[in-house]
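The values are calculated or read from the model by the stated rules, or taken from the named source; none is laboratory data. As the structure is a computational prediction, the values presented were derived from the model and not from experiment. For neighbour counting, all protein chains shown are included, and Cβ atoms are generated from backbone atoms with ideal geometry for every residue, glycine included.
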Amino acid sequence: MEVVSWGASSIFFKEFMQTKRFRKSQEQKLRGSRGQGSQARAPEQKGARPPPSTRWGRRSNHMLQIRSRFMKTTSINSLLALLVLSALLVVSCSKPAAENAEGAAPAEKEGALRIAVIPKGTTHPFWKSVEAGALNAGKENGIEIIWKGGLVESDRSQQVQIIKQFVTQKVDGIVLAPLDSKAPGIIRAVQDANAAGIPVVIMDSALEAQAGKDFITFAATSNKEAGKRGGETLAKLLDGKGKVVILRYIEGSASTENREAGCIEALKEHPGIEVIADPYAAGTGTIADAKNRAISMIDKLKEADGVFASNDPVTVGLLGALKAKGLVGKVKFVGFDASRPTVAALRSGEIQALVAQNPFNMGFQSVAALAKHLSGETVPQRIDTGAGILTTDNLETAESKKLLKQAE
């Protein structure tokens, strides 16, 4: 840029100097013609008309004076124009350098891929671990991660708007944990993103759309299998007999519905076990909603020998209700997800077992799969991110410590 500006300046300066030399030569001719005119001119009689040659010489002198003044004005204007142009070129050349020094991203990060990760919510510890995994995968692959989700895990319309927002922003890819597997708005938003050339990875909860067409892959815990393992663990704690209450999450959440179905399927394998209640937690699926729903059915809880909760907020809310009513330790409790409060309750004996997902791995694998797809690699249509059972007896094993790392 500086070379161009100086080159332009030199051209204008050259023209300016040529104009100046021309003006000087004209002035010299003018002075010469004046001198010759004064020597050749004879004394004129009063009232006599000057000869034609004298009249033409005067006109010529007058024209030269006008031209001299014009050239002088032109040269001044040229000089001013040159100065203004030079100033503008200096400013335009120096401005990008200043902006680059103060910009948000250095030059080497220009053109970096951007992946938007949309969780179900942003407040629960589970999603904090998912975010950590996604950021880690982004760092390893040189990808910018944009994390944005709703405050509550029941606002489907807000999630649709977030998807549309990222499509408008033309991100390179989207990782989505759908709030509702059957919600037409969410399904259509995912299909529209794919049609716009923005690939989508579904994580945590399934979406009733076509893998390989509407989205690339589904990265999640094998939720039905995990729920089944939870039910088998509860049946073992009850010695194969007793009454059970299952506190569900919210309707439409595919991940938790699969866990609840898996638990019930496992319990049905034991004729001595009866499920006496399995309501959904009311409201928006918060800890407070789960606690209030559990308290509203306290009579069933008093009758129960064991309870099962299908995710972290429901587990913590149900535990709060049992504590409030003095039922902790009187019923066998199998919860879901290893967060700080649930692991603390497991260590203290308030909870007997936890089905622990690996949310860090879920976030990591989802972003890594999308990165592979964007680089042209083939990605499987289903990725199992893993789960395990935690009890007070196996907390110190290497496998349990790996699962517990997310709660540290």
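From the residues in the stretch 216-232 that are of a type outside the set (A, V, I, L, M) and surrounded by 23 or more Cβ atoms within 10 Å (Cβ to Cβ), which one is farthest from residue 312 (Cα to Cα)? Filtering the stretch 216-232 for residues that are of a type outside the set (A, V, I, L, M) and surrounded by 23 or more Cβ atoms within 10 Å (Cβ to Cβ), the one farthest from residue 312 (Cα to Cα) comes out as 217. One residue stands out among those in the stretch 273-306 that are within 18 Å of residue 255 (Cβ to Cβ) and hydroxyl-bearing (Ser, Thr, Tyr): the one that is modelled with the lowest pLDDT, which is 284. Just one residue in the set 356, 338 is in contact with a Leu (Cβ under 8 Å, 6 or more places away or on another chain), small (Gly, Ala, Ser) and part of a strand (DSSP E or B); that residue is 356. Here residue 377 meets each of (1) charged (D, E, K, R); (2) surrounded by fewer than 24 Cβ atoms within 10 Å (Cβ to Cβ); (3) under 29 Å from residue 236 (Cα atoms) with one exception, condition (3).
Screening the stretch 360-408 for residues that are free of Cβ contacts under 8 Å to residues at least 60 places away in the same chain and part of a helix (DSSP H, G or I) and picking the one that is farthest from the chain's Cα centre (by Cα) gives 398. Only one entry in 148, 128, 139 is modelled with pLDDT under 95 and among the basic types (Lys, Arg), namely 128.
Within the stretch 172-187, being in contact with a helix residue (DSSP H, G or I) (Cβ under 9 Å, 6 or more places away or on another chain) and either assigned to a helix (DSSP H, G or I) or of a type in the set (A, V, I, L, M) (or both) holds for 174, 175, 176, 177, 179, 183, 185, 186. Here residue 143 clears all of (1) buried (at least 17 other Cβ atoms within 10 Å of the Cβ); (2) farther than 22 Å from residue 194 by Cβ except the condition numbered (2). Filter the stretch 327-341 for residues that are under 37 Å from the mean Cα position of the chain (by Cα) and of a type in the set (D, E, K, R); which is surrounded by the most Cβ atoms within 10 Å (Cβ to Cβ)? Of everything passing the filter in the stretch 327-341, 337 is surrounded by the most Cβ atoms within 10 Å (Cβ to Cβ).
Note on the stretch 381-395: among residues that are at pLDDT 95 or above and out of contact with any helix residue (DSSP H, G or I) (no Cβ under 7 Å at 6 or more places or on another chain), the one that is farthest from residue 337 (Cα to Cα) is 381.
When you scan the stretch 312-333, do you find a residue that is farther than 29 Å from residue 140 by Cβ, hydroxyl-bearing (Ser, Thr, Tyr) and free of Cβ contacts under 8 Å to residues at least 60 places away in the same chain, even just one? Yes, the stretch 312-333 contains a residue that is farther than 29 Å from residue 140 by Cβ, hydroxyl-bearing (Ser, Thr, Tyr) and free of Cβ contacts under 8 Å to residues at least 60 places away in the same chain.
When each of 344, 353, 324 is tested for being in the same structural domain as residue 241 (by TED's automatic domain parsing) and surrounded by 23 or more Cβ atoms within 10 Å (Cβ to Cβ), the lone residue that passes is 353.
Of note, residue 72 satisfies the criterion of being basic (Lys, Arg), modelled with pLDDT under 85 and either surrounded by fewer than 17 Cβ atoms within 10 Å (Cβ to Cβ) or under 30 Å from residue 251 (Cα atoms) (or both).
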